[in-house]
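**Student:** What follows is a single structure, and I will ask about it in a moment.
None of the figures in this text is laboratory data; all of them are computed from the coordinates on show. Because the structure is predicted, anything quoted here is derived from the model rather than measured. Backbone-built Cβ (ideal geometry, glycine too); neighbour counts: all protein chains shown.
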Amino acid sequence: MLDDTTAPLLEVRDLRAWYAESQALQGVTFDVRPGELVTLIGRNGAGKTTTLRSIMGIVKNRKGSIRFEGNELIGRRTFQIARLGLAYCPEERGIFSSLSVRENLTLPPHLKSGGMSDEELLKAFPNLRARAGSRGTSLSGGEQQMLAIARILRNGCRFLLLDEPSEGLAPVIVKEIGAQLRRLKAQGYTILLVEQNLNFARSVADRHVVIEHGAVVDQLSNEDLAADMDRVKTYLGV
Amino acid sequence: MFDGITPQLLFGQLLIGVINGSFYAMLAMGLAIIFGLMHVVNFAHGAQYMLGAFVAWLLLSTFGVPYWGALILAPLVVAIFGIAMERLILKPIANLDHLYSLLVTYAATLVIEGLIRQQYGSTGLPYSSPLPGGVNLGFMFMPWYRLWVVVFSVVTCLATWLLIEHTKLGAYLRAANESPEVVESFGINVPRMMTLTYGFGVGLAGLSGVLAAPIYQVSPSMGSSLMITIFAVVVIGGMGSIAGAILTGYTLGIVEGLTKVFYPEAANLVIFFIMLLALIFRPSGLFSGTEKS
Ligand SMILES: Nc1ncnc2c1ncn2[C@@H]1O[C@H](COP(=O)(O)OP(=O)(O)O)[C@@H](O)[C@H]1O
Ligand SMILES: [Mg+2]
């Protein structure tokens, strides 16, 4: 297990972000250390997606500090941030309907060494192989989510930002995604996962960061979460 | 009313229709590529087409560069001009409503045409055909140059379509068309891709202009008179649909030619009548459903 003294891979400090005039993040602060799987949990509209989009530079109007391996991300553009080694899987999954499954899978370029080859990807996600020629959006929701996670492994980025991969999927598929995430973690990937499904979050994460109204209101280890589910359930309003 | 329709008249107009259709297809394709990726309504397309013809004329009259050299050089010059335009006037307004790009490129059209008119006057300048003569097919006379234009434009349209639908580069374009943010988050420099795509679309307009120079007169207004028809083609084909733009371009050129034979009074209106019908019955365009969900 990693101890608290390991230097963080990602340091988010007092992150504030705006959509036009309206401020969505009020000052978000947290760390992710190498090899960790950390979740961002919180109600709908709390600012989880905005946090990921601000890290990636997709939300451009942002202030504070985001450091990745010591590099400041604020002021950099999205493609430059990706090239530093961050891969992002959006909430809507971003599967392209005008591209085949294979084209979707092979779209991300090799940015860093260690990216998975197309053959390795198809081996790791076998049900995509049979559908390689079909239109991306003809896949089921679960298959689309697998494809969305699989393709960002092609980049060679070792830090994954995943936005609610379990959303709207059947329990067996959520389990399968959980297994994939544990496998990726075992391979040394660092993962920042947005989740609302507490049981799923518990089954994969080391730590949890709770967001409310655009700010971090609590942080707890996975053990603490198991011991104190009620505390977290009030945050989520479930 | 069909009395007196000789094969010469029929095939003559059909050829004119295919020639016009070739220009409609190439220009509409460029517009569709630019709109699909950047959501820019490039009103300057006609002026850029005219610039292609003018650069070809200048290359010949000033530097003695023949047609075949101009066919390569002029589109490059016009593409570079387009890239400068994108950087200077389109990039700054990229986050505003699409309407602004229409206004800005319309303004650019007026400036470009005005400058050319001031420098070279409004009357058409002749550009002699690099392929004089032709062949008598029995039922009609086929000038070599017109045959060249038809073949060249079909090949250009097909090559561009293949590039976009069946290559990796095209996959980036199609994906960025759907969601530029996701593509950029993969580490791809989408802003630069947009600049180059605009340059490519504008270069296609320049190429059409060079092709047109020996057929139509080279004049400052040669593009703007065509633009309204091109917009109709793009609207009928479905904004942003490459295949739609190409097929609609050729079809409408031919329909227009045949209307001249069978009902000449309607020849200038038929395209707009079809646009009206398309807007009423299929407002997203005839081909829009085939490329996007
Ligand atoms: N594109 C947008 N434009 C304006 N406001 C937005 C946009 N996206 C999200 N918001 C607002 O920002 C806040 C945070 O949203 P979001 O980050 O999506 O929350 P979460 O992912 O935690 O559900 C919400 O109040 C939401 O309404
Ligand atoms: Mg969200």
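**Student:** For labels at A:S113 and B:S284 in the simple 7 Å Cα→Cβ model, what's the distance in nm?
**Tutor:** Label at A:S113, label at B:S284, 4.7 nm between them.
**Student:** Defining a contact as two alpha carbons under 8 Å apart and six or more residues distant in sequence, what relative contact order in percent does the stretch A:89-165 show?
**Tutor:** Here the relative contact order equals 52 percent.
**Student:** Separate question: A:V194: net charge of surrounding residues, Cβ under 10 Å, Lys/Arg +1, Asp/Glu -1, itself excluded?
**Tutor:** With Lys, Arg at +1 and Asp, Glu at -1, the net is -4.
**Student:** May I pose another question? Tilt of helix B:98-120 relative to the longest C-alpha principal axis of chain B, in degrees (0 to 90, nearest 10)?
**Tutor:** That works out to roughly 50 degrees.
**Student:** Quick one: what are the phi-derived ³J(HN,Hα) couplings along the stretch A:173-187, Karplus 6.51/-1.76/1.60 with θ = phi - 60°, whole Hz, x for glycine and proline?
**Tutor:** Using θ = phi - 60°, the values come out as 6, 4, 4, 4, 5, x, 4, 4, 5, 5, 4, 5, 4, 4, 7 Hz.
**Student:** Take the alpha carbon gyration tensor of the stretch A:24-75, find the square roots of its eigenvalues, order them as a ≥ b ≥ c, and report rounded if a/c is under 1.5; if not, report prolate when a/b exceeds b/c, else oblate.
**Tutor:** In terms of gyration-tensor shape, oblate.
**Student:** What residues have an amide H closer than 5 Å to that of A:G64, excluding those fewer than 5 places away on the same chain, when H is modeled at 1.01 Å from N in the peptide plane?
**Tutor:** Counting only residues 5 or more places away or on other chains, the set is A:R16.
**Student:** Report the label-to-label distance for B:F262 and B:M142 in nanometres (one decimal), using points 7 Å from each Cα along the Cα→Cβ vector.
**Tutor:** The modelled label-to-label distance comes out at 2.4 nm.
**Student:** Another question, then. Please turn the phi angles of the stretch A:123-137 into ³J(HN,Hα) values with the Karplus equation 6.51 cos²θ - 1.76 cosθ + 1.60 (θ = phi - 60°), one per residue in order, whole Hz, x for glycine and proline.
**Tutor:** For the stretch A:123-137, the Karplus-derived couplings read 6, 6, 10, x, 6, 6, 4, 5, 9, 3, x, 6, 4, x, 7 Hz, x marking Gly and Pro.
**Student:** Pull up the cross-link candidates among the lysines for A:K185, meaning alpha carbon to alpha carbon under 20 Å and not fewer than 8 places away within one chain.
**Tutor:** Partners found: A:K112, A:K123, A:K175.
**Student:** So for the protein assembly as shown: antiparallel DSSP bridges make up what percent, rounded to the nearest 5?
**Tutor:** Restricted to the protein assembly as shown, the bridges split so that about 60 percent are antiparallel.
**Student:** Right, next: Short version: ³J(HN,Hα) in whole Hz for each residue of the stretch A:62-68, in order, from phi by Karplus 6.51 cos²θ - 1.76 cosθ + 1.60 (θ = phi - 60°), x for Gly and Pro, what are they?
**Tutor:** Per-residue couplings from phi come out as 9, 9, x, 9, 10, 10, 10 Hz.
**Student:** Roughly what % of DSSP beta bridges within chain A run antiparallel, to the nearest 5?
**Tutor:** Counting DSSP beta bridges with both partners in chain A, the antiparallel share is about 55 percent.
**Student:** Report the net charge of residues surrounding A:K60, where surrounding means a beta-carbon distance below 12 angstrom and charges are Lys +1, Arg +1, Asp -1, Glu -1.
**Tutor:** That sum, taken over residues with Cβ under 12 Å, equals +3.
**Student:** What do you get for the angle between helix B:242-262 and the principal long axis of chain B? Use alpha-carbon atoms, 0 to 90 degrees, nearest ten.
**Tutor:** Long axis of B:242-262 versus the principal axis of chain B: about 20 degrees.
**Student:** Averaged over peptide B:173-183, how many Cβ atoms belonging to another chain are found within 10 Å of each residue's Cβ? Show your work: numbers first, answer last.
**Tutor:** Numbers: counts 1, 6, 10, 2, 2, 8, 5, 2, 9, 14, 6.
Neighbouring Cβ atoms belonging to other protein chains average 6 per residue here.
**Student:** Which loop trypsin sites (Lys or Arg not before Pro) in the stretch A:87-118, with loop taken from DSSP, have no more than 15 other Cβ atoms within 10 angstrom of their Cβ?
**Tutor:** Answer in residue order: A:K112.
**Student:** Comparing A:Q80, A:Q144, A:Q219, which has the greatest mean-square fluctuation in the GNM of chain A with Cα pairs linked when under 10 Å apart?
**Tutor:** It is A:Q80.
**Student:** Considering amide H positions built from the backbone, and no H for Pro or chain starts, which residues 5 or more places from A:G114, or on another chain, come under 5 Å of its amide H?
**Tutor:** For A:G114, no residues qualify.
**Student:** Right, next: May I ask you to compute the full-extension gain from A:R129 to A:A179, defined as 0.36 nm times their residue separation minus their alpha-carbon distance, rounded to one decimal in nm?
**Tutor:** In short, 16.1 nm is gained.
**Student:** Using a Förster distance of 41 Å, how high is the FRET efficiency between B:F63 and A:N61, based on the Cβ-Cβ distance and rounded to 0.05?
**Tutor:** 0.25
**Student:** Straight-line reach from A:K48: which lysines have Cα under 17 Å away, leaving out those fewer than 8 places along the same chain?
**Tutor:** A:K60, A:K63, A:K233
**Student:** Run the numbers on chain B and let me know its relative contact order in percent, using alpha-carbon pairs under 8 Å that are six or more apart.
**Tutor:** RCO, chain B: 39 percent.
**Student:** Specify the inter-centroid distance of the stretch B:225-293 and the stretch B:142-158, based on alpha-carbon positions, in whole Å.
**Tutor:** 21 Å
**Student:** Mind telling me which of B:L102, B:L269, B:L258 comes out most flexible in a GNM of chain B, alpha-carbon contacts under 10 Å?
**Tutor:** Among B:L102, B:L269, B:L258, the largest mean-square fluctuation in the Gaussian network model of chain B belongs to B:L269.
**Student:** At a Förster radius of 22 Å, what calculated FRET efficiency corresponds to the Cβ-Cβ distance of B:F273 and B:S221, to the nearest 0.05?
**Tutor:** It comes out at approximately 0.35.
**Student:** Once R0 is set to 35 Å, what does the formula 1/(1 + (r/R0)^6) return for the Cβ-Cβ distance between A:D218 and B:N189, expressed as a FRET efficiency to the nearest 0.05? Could the numbers behind the result be given before it?
**Tutor:** On the way: r = 39 Å, r/R0 = 1.11.
In this case the efficiency is close to 0.35.
**Student:** On C-alpha positions alone, give me the angle between the axis of helix B:190-212 and the longest principal axis of chain B, in degrees, nearest 10.
**Tutor:** Rounded to the nearest ten degrees, it is 10.
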